[in-house]
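What follows is a structure written as structure tokens; I'll ask about it next.
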Amino acid sequence: TKASAEIEMLASHFSRIFDFYRSFEDAFDLDTAEGDQLTIIGKIVGVPRTVPSTGDVLSDAEMRIFIRAKAAKNSTGPQMVADERISLQDVINYAFEGDAYIVDNYDMTLTLYVDADFDLVTLGAIKDLDLLPSPQGVRYNSIVTYVPGGTFGFLNNPEALGFGAGVFARNTDL
């Protein structure tokens, strides 16, 4: 009787410990985590809850997007586009929800082109939180906003509009 009670007590104790550790998996699942759990996940990957330059506090939805973008940036390769692993353009597509692309200037700099409708506060947060991927030693020399299918350009760019029809892309001050 005593042995059975001892075994039952130990099994109950180990079951509670197992349930406790199992709860971490659910509590820190990026898709379901909220509040403090997202703040902790953000600290782990390097995304603070508050944007340093503006003091804006990120919502849970913004934290999820930025945490995923930071994780993708941390695991990306140096290729602009690649099939076998996460590329620079893949991270840019994710961070900007498909509303941006990058161009290699072949002088150790990149230019980021962002849809003019993309929220500039979010764009500033992405820049301030260091979510823009780049190979080591390569920097972004400019961030340009453009109107898709409506930006002025020349014949060699099939997406561009000519004189009197297109608007100029704008270099941001971010």
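The values are calculated or read from the model by the stated rules, or taken from the named source; none is laboratory data. Just so it is clear, the model here is predicted, and its values are computed rather than measured. Note: ideal-geometry Cβ built from the backbone for every residue, glycine included; neighbour counts use all protein chains shown. Side chains included, ligands, DNA and RNA excluded: accessible areas come from the protein's heavy atoms. Shrake-Rupley method; radii C 1.70, N 1.55, O 1.52, S 1.80 Å.
Could you check Ser53 against (1) of a type in the set (S, T, N, Q); (2) open to solvent by 50 Å² or more (accessible area, probe 1.4 Å); (3) assigned to a helix (DSSP H, G or I) and say which number it fails?
It is condition (3) that Ser53 fails.
Can you pull out the residues in segment 79-113 that are in contact (Cβ under 8 Å) with a residue 40 or more places away in the chain and touching a helix residue (DSSP H, G or I) at 6+ places or on another chain (Cβ under 6 Å)?
Val91
Under 6 Å by Cβ, and 6 or more places apart or on different chains, what pairs join a residue from segment 29-48 that is farther than 18 Å from Asp130 by Cα with one that is open to solvent by 60 Å² or more (accessible area, probe 1.4 Å) and of a type outside the set (Lys, Arg)?
Going by the 6 Å Cβ cut-off, the qualifying pairs are Gln37/Phe28.
Inside segment 6-50, can you point out the residues that are exposed (fewer than 13 other Cβ atoms within 10 Å of the Cβ) and in contact with a Ser or Thr (Cβ under 8 Å, 6 or more places away or on another chain)?
Hit for segment 6-50 is Asp26, nothing else.
For segment 132-153, which residues satisfy the criterion of being buried (at least 17 other Cβ atoms within 10 Å of the Cβ), out of contact with any Lys or Arg (no Cβ under 8 Å at 6 or more places or on another chain) and hydrophobic (A, V, I, L, M, F, W, C)?
Passing the criteria: only Phe152.
To keep it simple, each residue is scored yes or no on (1) farther than 13 Å from Pro135 by Cα; (2) modelled with pLDDT under 90; (3) basic (Lys, Arg).
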{"site": "Thr50", "(1), (2), (3)": "yes, no, no"}
{"site": "Leu58", "(1), (2), (3)": "yes, no, no"}
{"site": "Arg64", "(1), (2), (3)": "yes, no, yes"}
{"site": "Ser75", "(1), (2), (3)": "no, yes, no"}
{"site": "Asp83", "(1), (2), (3)": "yes, yes, no"}
{"site": "Gln89", "(1), (2), (3)": "no, no, no"}
{"site": "Phe96", "(1), (2), (3)": "yes, yes, no"}
{"site": "Thr109", "(1), (2), (3)": "no, no, no"}
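If you don't mind, there's one more thing I want to ask. With the structure loaded, tell me whether Asp29 is of a type outside the set (Phe, Trp, Tyr) and either within 11 Å of the chain's Cα centre (by Cα) or closer than 28 Å to Gln136 by Cβ (or both) or whether it fails that test.
In short, no.
May I pose another question? Condition (residue is in a loop (DSSP other than H, G, I, E, B) and of a type in the set (Phe, Trp, Tyr)) applied to segment 23-30: is it met by at least one residue?
yes
Across segment 73-131, what is the total count of residues that are assigned to a loop (DSSP other than H, G, I, E, B), open to solvent by 60 Å² or more (accessible area, probe 1.4 Å) and under 24 Å from Arg49 (Cβ atoms)?
Of the residues in that region, 3 qualify.
Let me ask you something else. Being open to solvent by 60 Å² or more (accessible area, probe 1.4 Å) and in contact with a Ser or Thr (Cβ under 8 Å, 6 or more places away or on another chain) is the filter here; which residues of segment 56-72 pass it?
Answer for segment 56-72, where residues must be open to solvent by 60 Å² or more (accessible area, probe 1.4 Å) and in contact with a Ser or Thr (Cβ under 8 Å, 6 or more places away or on another chain): Asp56, Val57, Glu62.
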